[in-house]
Amino acid sequence: MLLEILPMLITSFTSLSVPAPVPSSMTSRTEIVSFTPDAVSCADGSVQSTGLVRPLSVVWTRYASSSDVAPPPTYGFSFAIDAQGRVRTIRQHVRSLSNYYFDTSDLAPALAVSHFPASAPHAACSVRYKASFRPIETAAMSDLYELASRPEVTGTPAGLFERVRPADSTCPTQPGQYRRLNLPAFEKLPSIVGGSAWVFFAFDVDTSGKPSRARALGSSGDTALDTAGLHALLANRYAPGPGYRGCTYHFYRTDNSNHAAPELPSDAPADMSDQPSCAVDPKSISGLLNGSAYPKPFSRRHIEGVAVVGYDTAPWGAVGNVKVLLSEPDETFGNVARNAISNARVTENDTGRRGCIQRIRFKLPPTRIAR
């Protein structure tokens, strides 16, 4: 039986943790971290990389002394490219420990949705992403507008919103309650392949609650989104009030097509999960079955995956010797499957079994409309 994993929306509560005090000799600085790839090379030479999708920038706070001059880190990946130009078999290079602790979870997903020219397959490919840092106070406005437009940015400092707020703004966070809220017809806009599009607007609101003087302060360059967003914004209506200058609004959309997992090769080990002594108790892998174990960075970019896991079982129902035999398009899917099966149980039996095989497919719900 092929096990299919669907992601779900869950609410989780985490324990409160108190960070260690920052030594008085250290300073803190909030920065935007961007990731720049170098050239892609494969065993048969360099490959045109115009379809390489840029990873999402992140925000972090650096705590460091004046003598801290550690060079920016670099993150390397190996992968393959199939005949259709899709990226496969992504594996991150082992890195030495460093003092940089920011979110790099979008590097592999961004690589997975990248697309190269269709041609003969390429093996033993590699790429490196170098991190670069810009303080919020001096970062390019285009970077700030993009971050302020994204719906899932965590840890965003107040300083970012202070910089994107128009200098002459008299607008509170919300210029009154909505009387009418409009969105662009995202489903009618030209599709986006791999990446995202955004536009960040400033506008005024008169005393009747009608927007005016809407203008784009920043944009990714998607003219269809810019135009549709402008029309939608001007059609909004707010509760009557004193009138405001310099209010802001944004729209953001992504590639909303599901990126299907690769087909398993013909020589992939056959599934044995329904055979005696191999069948896993569904209650012991609830995280896989209810979708809460689906790796969020890949769900965010609509990436499906597949894994093949081997394992042994003991007469008393324990599962052991769990190995990832196949994981596509990235090793993360295999790691998630291995961790789940390692904690699984089977029905107690007389002999146990060696060499069980479980195929696990990570599936997404039907295509969602972009935000």
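The values are calculated or read from the model by the stated rules, or taken from the named source; none is laboratory data. Source: prediction; values computed, not measured. Positions of Cβ are generated from backbone atoms using ideal geometry, with glycine treated the same way; all protein chains shown enter the neighbour counts.
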In contact (Cβ under 8 Å) with a residue 40 or more places away in the chain, closer than 30 Å to Gly195 by Cα, surrounded by fewer than 16 Cβ atoms within 10 Å (Cβ to Cβ) and under 30 Å from the mean Cα position of the chain (by Cα): which single residue out of His250, His231 fits that description?
His231
Please state which of the following conditions Arg300 fails to meet, knowing it meets all the rest: (1) touching a helix residue (DSSP H, G or I) at 6+ places or on another chain (Cβ under 8 Å); (2) modelled with pLDDT of 95 or more; (3) basic (Lys, Arg).
(2)
Going through the range 1-48 one residue at a time, which ones are over 24 Å from Phe102 (Cβ atoms), modelled with pLDDT under 85 and of a type in the set (Ser, Thr, Tyr)?
Thr11, Ser46
Can you name the condition, by its number, that Ala340 falls short on among (1) under 30 Å from His115 (Cα atoms); (2) touching a helix residue (DSSP H, G or I) at 6+ places or on another chain (Cβ under 7 Å); (3) of a type in the set (Gly, Ala, Ser); (4) buried (at least 21 other Cβ atoms within 10 Å of the Cβ)?
(1)
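A quick yes/no check of all residues on (1) acidic (Asp, Glu); (2) surrounded by 15 or more Cβ atoms within 10 Å (Cβ to Cβ); (3) over 30 Å from Thr27 (Cα atoms):
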site	(1), (2), (3)
Val58	no, yes, no
Ala70	no, no, no
Pro73	no, yes, no
Phe77	no, yes, yes
Ile90	no, yes, yes
Ala120	no, no, yes
Pro151	no, no, no
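I'd like the residue in the range 147-196 that is of a type in the set (Gly, Ala, Ser) and either at pLDDT 95 or above or in a loop (DSSP other than H, G, I, E, B) (or both) and, out of all such residues, is nearest to Ala235 (Cα to Cα). Steps first, answer last, please.
Narrowing the range 147-196 to residues of a type in the set (Gly, Ala, Ser): 148-149, 155, 158-159, 167, 169, 176, 185, 191, 194-196.
Still in the running and either at pLDDT 95 or above or in a loop (DSSP other than H, G, I, E, B) (or both): 155, 167, 169, 176, 185, 191, 194-195.
Working: Gly155: 32, Ala167: 25, Ser169: 21, Gly176: 15, Ala185: 13, Ser191: 24, Gly194: 30, Gly195: 28 Å.
This residue is Ala185.
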Where a residue in the range 132-146 is outside any strand (DSSP E or B) and surrounded by 13 or more Cβ atoms within 10 Å (Cβ to Cβ) and its partner, wherever it lies, is aromatic (Phe, Trp, Tyr) and at pLDDT 90 or above, with Cβ under 8 Å and at least six apart
Tyr145/Trp198; Tyr145/Phe200; Glu146/Trp198; Glu146/Phe200
